[in-house]
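See structure below.
Readers should treat all values here as calculations from the given coordinates under stated rules, not as data from a laboratory. Predicted model only: the values in this text are computed from it and were never measured. Virtual Cβ from ideal backbone geometry, glycine too; neighbours counted across all protein chains shown.
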Amino acid sequence: MRTPAELTQLFRASGRHVTPQRQSIFRALAGNESHPTAEKVYEAVRAEMETISLKTVYQTLHDLEELGEIAPLEVGTGAVRFDPNVERAHHHLVCRVCGDVRDVFVDFPAVGLPERLAQGYDVERSDVVFRGRCGRCRSES
């Protein structure tokens, strides 16, 4: 994901308003590899700016998605997560206990759907999700 300064320039270049709230959201996402939910982003930004609304967080995340800077990620943890790593194709590790999500960079050239099973779809990509227990959850049990 781009830096907060780069996101500010991108928003301006695309005709979007850059507000202190949006800049705070950019900072909350910078370097965040946890694939946060909108609510987690809201909590982080609210610690810095109490007056921010959850609607502003959702709208900014939607704008970032439209600009191709983040991708929504549904991995069965109960809420949509946001993946800031859109530069490289990758898959995910998901802890079935705490819901932690991590990127895993591995290529599966043999994973594909045979045409006879595609049911008329033009399959463009596949996502692999590995589920298990993270190190923290394993050590706590």
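Computed quantities for the displayed model
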| read-out | value |
| --- | --- |
| Over the range 55-141, relative contact order from alpha-carbon pairs under 8 Å, at least 6 apart, % | 24 percent |
| GluC sites (Glu not before Pro), loop per DSSP, at most 16 other Cβ atoms within 10 Å - longest free stretch of the chain | 88-123 |
| Under 15 Å, Cβ to Cβ, from Glu140 - net charge with Lys/Arg +1 and Asp/Glu -1 | +3 |
| Per-residue HN-Hα couplings for the range 45-60 [Karplus 6.51, -1.76, 1.60; θ = phi - 60°; Hz; x = Gly/Pro] | 6, 5, 5, 8, 9, 4, 8, 5, 9, 5, 4, 5, 4, 4, 5, 5 |
| Options [x] 1.17; [y] 1.03; [z] 1.09 - which one matches Rg/Rh (Cα atoms, Kirkwood Rh) as calculated here | [y] |
| Given the chain, longest segment not containing exposed loop trypsin sites (Lys or Arg not before Pro) (DSSP; at most 11 other Cβ within 10 Å) | 1-87 |
| Rg ratio (alpha-carbon, reference 2.2 N^0.38 Å) - the range 88-140 | 1.48 |
| Estimated [θ] at 222 nm from DSSP helical runs (n ≥ 4, -39500 (n - 2.57)) normalised by residues in the chain, nearest 500 | -10500 deg cm²/dmol |
| Diffusion constant of the range 38-106 at 10 °C, which comes from Stokes-Einstein with the Kirkwood Cα-pair radius and 1.306 mPa s, µm²/s | 120 µm²/s |
| Within the range 76-141, chymotrypsin sites (Phe, Trp or Tyr not before Pro) in DSSP loop having at most 13 other beta-carbon neighbours inside 10 Å | Phe105, Tyr121 |
| Once the Cα gyration tensor of the range 4-73 is diagonalised, semi-axes √(5λ) in Å | 17, 14, 11 |
| Centre separation in Å (Cα based) which lies between the range 1-21 and the range 31-98 | 17 Å |
